[in-house]
Amino acid sequence: MDYEAFFASAIERLRSEGNYRTFADLDRRVGDFPRATHKTATGTADVTIWCSNDYLGMGQHEVVRAAMKEAIDASGSGTGGTRSISGTSPHHVVLERELAALHGTESALLFTSGYVANEAVLSTLGRLLPGCVFVSDALNHASMIAGMRNSRAEKHIFAHNDPEDLDRVLGQLEPGRPKVVVFESVYSMEGDIAPVAEIAEVAERHGTMTYLDEVHAVGMYGARGAGIAERDGVQDRIAFIQGTLAKAFGVFGGYVAGWARAMDFIRSFAPGFIFTTALPPAIAVGALASMRLLAADPSIRERLHERVAALKRALEGTGLPVMPTASHIVPLHVGHPVRCRAISEELLSRHRIYVQPIVHPTVPKGTERLRLTPTPLHTDEDIRRLVDALRDVWARVGTKS
């Protein structure tokens, strides 16, 4: 087989479909977020980022940076192995304890990313719970889908954010079988929010465990930033709460929180945990500093939501295809991969505004979009420039194929 030709053909097919992904070389500058230096083969330019998952700018916060620097000087750069070999430090222990407290659970377990957490936990549950069946929201993240698929357990789909359809699906399953309802709180591409309490109520009626992905909600919702389940007062009704340290907390890594015995079960049986080098101490310390700050100071997330409301008001009446959402995520529907990429490129080249195109397989074909994520640090002038730029670019390429 001509392997190189195979690889080249696959990439060319992506290019022709408009789904080939490129990386923007963006050098973030401490103290200047959300601005960055965009580096290309022809030079550099200052740009404003409107699509970062560092939703609160905590990746550059002085408290987080100072804590990480101190941890490196005290403990070094790495952990030296998996958690069971030599990778557990007091920093990991304290962070897990405080993550559990944040979510009102008995225990928590750190992973190297939110993706790994979802894949490891769900694949382990599905593989080892006898006769396990997953009941999954139709728009769940790829990491959750991978975990369920890799477990080889039976899976059923319920309509997105629809408790009635969930009740219908669960009602068709054998009552005594182990079941796990798998869903998210904030859906990152749609920007909508799940009816967590209603889903938990349906699951309880059917004796079903719940697995809730809060990665796009932790830090930003709830009295202490624990997420939508905290905001809605239902944390104690969720069996597994999965979160990330890499978005609103501004660092890196993932975790899952829940019953102590369930966490011990995952720790003991999940290959994605057992065989992975532990997070560096500085990462754990930085995440802890960020989490503590956000839990104690609600003004940061209050400023985020004020900025989100300001952007949504500015987009009203513009004729732009804004997808209405109840969250901090503001998508604009495009519906064509080539057009979506052209809009993104025009925003960057003409207006020095970076918003990456969202194309297949991140979203279904025909639903391509831009995804705006305001932060507490975007100014009124930033919003005005963004809206003017969007109107200009949409007039130029928004209707072209």
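The values are calculated or read from the model by the stated rules, or taken from the named source; none is laboratory data. This structure is a prediction, so every number in the text was calculated from the model and none was measured. Cβ coordinates were reconstructed from backbone atoms using ideal geometry, including for glycine residues, and neighbour counts include every protein chain displayed. Quick note on the areas: whole protein, heavy atoms, side chains included, nothing else; ligands and nucleic acids left out. Shrake-Rupley method; radii C 1.70, N 1.55, O 1.52, S 1.80 Å.
Output the residues belonging to the stretch 368-387 that are outside any helix (DSSP H, G or I), out of contact with any Lys or Arg (no Cβ under 6 Å at 6 or more places or on another chain) and closer than 16 Å to Tyr55 by Cβ.
Residues of the stretch 368-387 that are outside any helix (DSSP H, G or I), as a first pass: 368-379.
Filter once more, so that each one left must be out of contact with any Lys or Arg (no Cβ under 6 Å at 6 or more places or on another chain): 368-373, 375, 377, 379.
Once the filter is applied, which keeps residues that are outside any helix (DSSP H, G or I), out of contact with any Lys or Arg (no Cβ under 6 Å at 6 or more places or on another chain) and closer than 16 Å to Tyr55 by Cβ, the stretch 368-387 yields Arg371, Leu372, Thr373, Thr375, Leu377.
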Sort out which residues of the stretch 140-171 are among the charged types (D, E, K, R), closer than 22 Å to Met189 by Cα and in a helix (DSSP H, G or I), and write them in order of number. Arg149, Asp165
When only residues in the stretch 197-242 that are within 19 Å of the chain's Cα centre (by Cα) and acidic (Asp, Glu) count, which is surrounded by the most Cβ atoms within 10 Å (Cβ to Cβ)? Asp213
Could you check the stretch 48-64 and list, in sequence order, the residues that are surrounded by fewer than 21 Cβ atoms within 10 Å (Cβ to Cβ) and part of a helix (DSSP H, G or I)? Gln60, Glu62, Val63
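So which residues in the stretch 199-225 are of a type in the set (A, V, I, L, M), within 25 Å of Ile145 (Cβ to Cβ) and part of a loop (DSSP other than H, G, I, E, B)? Steps first, answer last, please.
Of the stretch 199-225, the ones of a type in the set (A, V, I, L, M) are 199-200, 202-203, 209, 212, 215, 217-218, 220, 223.
Those left that are additionally within 25 Å of Ile145 (Cβ to Cβ): 199-200, 202-203, 209, 212, 215, 217-218, 220.
Within the stretch 199-225, Val215, Ala217, Val218, Met220 meet the criteria.
Name the residue, out of Ala270, Ala194, Ala260, that is surrounded by fewer than 17 Cβ atoms within 10 Å (Cβ to Cβ) and more than 30 Å from Glu70 (Cβ to Cβ). Full working, then the answer.
Working: Ala270 fails: surrounded by fewer than 17 Cβ atoms within 10 Å (Cβ to Cβ); Ala194 fails: surrounded by fewer than 17 Cβ atoms within 10 Å (Cβ to Cβ).
When all the criteria are applied, what remains is Ala260.
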Pull up the stretch 297-338, narrow it to residues that are over 24 Å from the mean Cα position of the chain (by Cα) and either at pLDDT below 95 or not in a helix (DSSP H, G or I) (or both), then point me to the one that is surrounded by the fewest Cβ atoms within 10 Å (Cβ to Cβ). Gly317
In contact (Cβ under 8 Å) with a residue 60 or more places away in the chain, in contact with an Asp or Glu (Cβ under 7 Å, 6 or more places away or on another chain) and either open to solvent by 10 Å² or more (accessible area, probe 1.4 Å) or more than 27 Å from Ile193 (Cβ to Cβ) (or both): is that true of Ala289 in this structure? no
Search result, residues across the stretch 347-379 that are touching a helix residue (DSSP H, G or I) at 6+ places or on another chain (Cβ under 7 Å), closer than 30 Å to Ser299 by Cα and open to solvent by 10 Å² or more (accessible area, probe 1.4 Å): Tyr354, Gln356, Pro376
Specify which of the listed residues (Ala36, Ala5, Ala45, Ala67) is under 30 Å from Leu377 (Cβ atoms), assigned to a helix (DSSP H, G or I) and hydrophobic (A, V, I, L, M, F, W, C). Ala67
Give me the pairs: first residue in the stretch 230-248 and at pLDDT below 95, second residue part of a loop (DSSP other than H, G, I, E, B) and open to solvent by less than 30 Å² (accessible area, probe 1.4 Å), beta-carbon distance under 8 Å, and six or more apart or on different chains, which are they? none
Name the single residue that is surrounded by the fewest Cβ atoms within 10 Å (Cβ to Cβ) among those in the stretch 112-139 being of a type outside the set (Ser, Thr, Tyr), out of contact with any His (no Cβ under 9 Å at 6 or more places or on another chain) and not in a helix (DSSP H, G or I). Pro130
Six or more apart or on different chains, Cβ atoms under 9 Å: show the pairs whose first residue is in the stretch 26-51 and farther than 15 Å from Ser349 by Cβ and whose second is open to solvent by 70 Å² or more (accessible area, probe 1.4 Å) and part of a loop (DSSP other than H, G, I, E, B). Phe33/Leu377; Pro34/Leu377
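When you check Gly250 against the structure, is it out of contact with any strand residue (DSSP E or B) (no Cβ under 7 Å at 6 or more places or on another chain) and part of a loop (DSSP other than H, G, I, E, B), yes or no? Spell out how you get there, then give the answer.
On the way: out of contact with any strand residue (DSSP E or B) (no Cβ under 7 Å at 6 or more places or on another chain): yes; part of a loop (DSSP other than H, G, I, E, B): yes.
Judged against the criteria, Gly250 is a match.
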